[in-house]
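These notes concern the structure reproduced below.
Read-outs: derived from the displayed coordinates by stated rules, not from any lab. None of these values were measured; they are calculated from a predicted model. Note that we place each Cβ from the backbone using ideal geometry, even for glycine, and neighbour counts take in every protein chain shown.
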2 protein chains.
Amino acid sequence: MKFFEDIGVGEISDIGRHTFTAEDIKGFAARFDPQPFHLDEAAAARSHFGRLCASGWHTACVWMRLLIDFRRREDEERRARGEGVAQLGPSPGFRDLKWLKPVYVGDTISYATEVVETRGLSSRPGWGMISVCNTGVNQHGEPVMSFISSVLVECRDRGPQGS
Amino acid sequence: MKFFEDIGVGEISDIGRHTFTAEDIKGFAARFDPQPFHLDEAAAARSHFGRLCASGWHTACVWMRLLIDFRRREDEERRARGEGVAQLGPSPGFRDLKWLKPVYVGDTISYATEVVETRGLSSRPGWGMISVCNTGVNQHGEPVMSFISSVLVECRDRGPQGS
């Protein structure tokens, strides 16, 4: 991760893409969201969705996975260039998650993040809070999901224990 | 599900509880949130969490599973009593998800829902929208997660195709 001071509003990162297979959709749904339209093609055809589609939680969890992989790649590149890598603090949560369109079997979702707010924290010297708008867009260019998440990011200048 | 007309603001449902084991936490994290403090006890001890703890997405996905199981039990009981069962429409999303405390290995989280808003939809006759505040509380009585979700619920009186 970049240090807090180096993060600017408007920065966009393409974090990766994922194709949702039937096996993938059914496997997640069997464990966490066992509704017929996520589990069975015939039942999905009779539902308001019309076809097998992924749990909205599945779409969101894939975002999380791709973000972790993306940050790891970025940090490895920073270390390879001899740059410092900022620590992340806990995420207090997120807001306004919207499932805008169903994610159907075979859809490829491209995920991106855009920094929408940065602010220093007087309550936690050495850390800043960033808010990021996260989106998933299908292969037709249609947004399928968006939400805003926040996370604490280490500042470059946080005193003797910060490096 | 109850029909829209039968749902009132303030109704609370205990939907179930789940104990997060180390295997459970690591299995979810390996797939969707591979951060050291969700994957490895020693790494977690060195992190800001101090102990192995569940991905916030895991805590939320368990809520989804328990809700589906709860609704299914309720609907079976309604059918057994000869009552009608309302259909649910898609969920447009949710808001204000807060991860309030870590969920540590061995914690048992009790999940509940409380109806916070009901409104008819002029744009979709025969359906209403309910908003529900969802919470998870650990065995010490501490809230660990809350968020507000919305879903479309069928009205009892939605014309000839509604029954």
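Being more than 9 Å from chain A (Cβ to nearest Cβ) and touching a residue at least 12 places away in the same chain (Cβ under 8 Å): is that true of B:Ala86 here? Show your work before the answer.
Numbers: more than 9 Å from chain A (Cβ to nearest Cβ): yes; touching a residue at least 12 places away in the same chain (Cβ under 8 Å): yes.
The answer is yes for B:Ala86.
Hey, does segment A:96-114 have a residue that's surrounded by fewer than 19 Cβ atoms within 10 Å (Cβ to Cβ), in contact (Cβ under 8 Å) with a residue 60 or more places away in the chain and under 18 Å from A:Glu5 (Cβ atoms)?
No, because not a single residue in segment A:96-114 is surrounded by fewer than 19 Cβ atoms within 10 Å (Cβ to Cβ), in contact (Cβ under 8 Å) with a residue 60 or more places away in the chain and under 18 Å from A:Glu5 (Cβ atoms).
Could you check how many residues of segment A:4-31 are over 30 Å from A:Gln87 (Cβ atoms) and assigned to a helix (DSSP H, G or I)? Steps first, please.
Going through segment A:4-31, the residues over 30 Å from A:Gln87 (Cβ atoms) turn out to be A:19-31.
Checking the rest, the ones that are also assigned to a helix (DSSP H, G or I) come to A:22-31.
Adding up the residues that qualify gives 10.
Among the candidates A:Leu100, A:Leu88, A:Leu66, which residue alone is hydrophobic (A, V, I, L, M, F, W, C) and touching a Ser or Thr at 6+ places or on another chain (Cβ under 9 Å)?
A:Leu100
Count, please, the residues in segment A:1-34 that happen to be under 30 Å from A:Pro125 (Cβ atoms) and not aliphatic (A, V, I, L, M).
Final tally of qualifying residues: 9.
Any chance you could count how many residues in segment B:32-49 are out of contact with any Ser or Thr (no Cβ under 8 Å at 6 or more places or on another chain) and not in a helix (DSSP H, G or I)?
5
Out of the residues in segment B:21-40 that are touching a residue at least 60 places away in the same chain (Cβ under 8 Å) and touching a Leu at 6+ places or on another chain (Cβ under 9 Å), state the one that is farthest from the other protein chains (Cβ to nearest Cβ).
B:Ala22
Being hydrophobic (A, V, I, L, M, F, W, C), within 30 Å of B:Ser47 (Cα to Cα) and in contact with a Pro (Cβ under 6 Å, 6 or more places away or on another chain), is that true of even one residue in segment A:60-69?
Yes.
Can you tell me which residue within segment A:43-80, out of those that are in contact with a strand residue (DSSP E or B) (Cβ under 6 Å, 6 or more places away or on another chain) and more than 8 Å from every other protein chain (Cβ to nearest Cβ), is surrounded by the fewest Cβ atoms within 10 Å (Cβ to Cβ)?
A:Arg51
Which pairs do you get when a residue that is in contact (Cβ under 8 Å) with a residue 24 or more places away in the chain, found in segment B:119-141, comes within reach of a residue that is acidic (Asp, Glu) and in a loop (DSSP other than H, G, I, E, B), reach meaning Cβ atoms under 8 angstrom, with the pair 6+ apart or on two chains?
B:Gly126/B:Asp157; B:Asn138/B:Asp107; B:Gln139/B:Asp107
Being charged (D, E, K, R), outside any helix (DSSP H, G or I) and buried (at least 17 other Cβ atoms within 10 Å of the Cβ): is that true of B:Arg158 here?
Criteria met by B:Arg158.
Return the residues of segment A:103-123 that are within 14 Å of chain B (Cβ to nearest Cβ) and under 19 Å from A:Ile148 (Cα atoms); say none if nothing qualifies.
If the condition is that a residue be within 14 Å of chain B (Cβ to nearest Cβ) and under 19 Å from A:Ile148 (Cα atoms), then A:Tyr111 is the only one that fits.
What are the residues in segment A:72-127 that are over 21 Å from A:Arg156 (Cα atoms) and assigned to a loop (DSSP other than H, G, I, E, B), if any?
A:Pro92, A:Leu100, A:Lys101, A:Pro102, A:Val103, A:Val105, A:Gly106, A:Asp107
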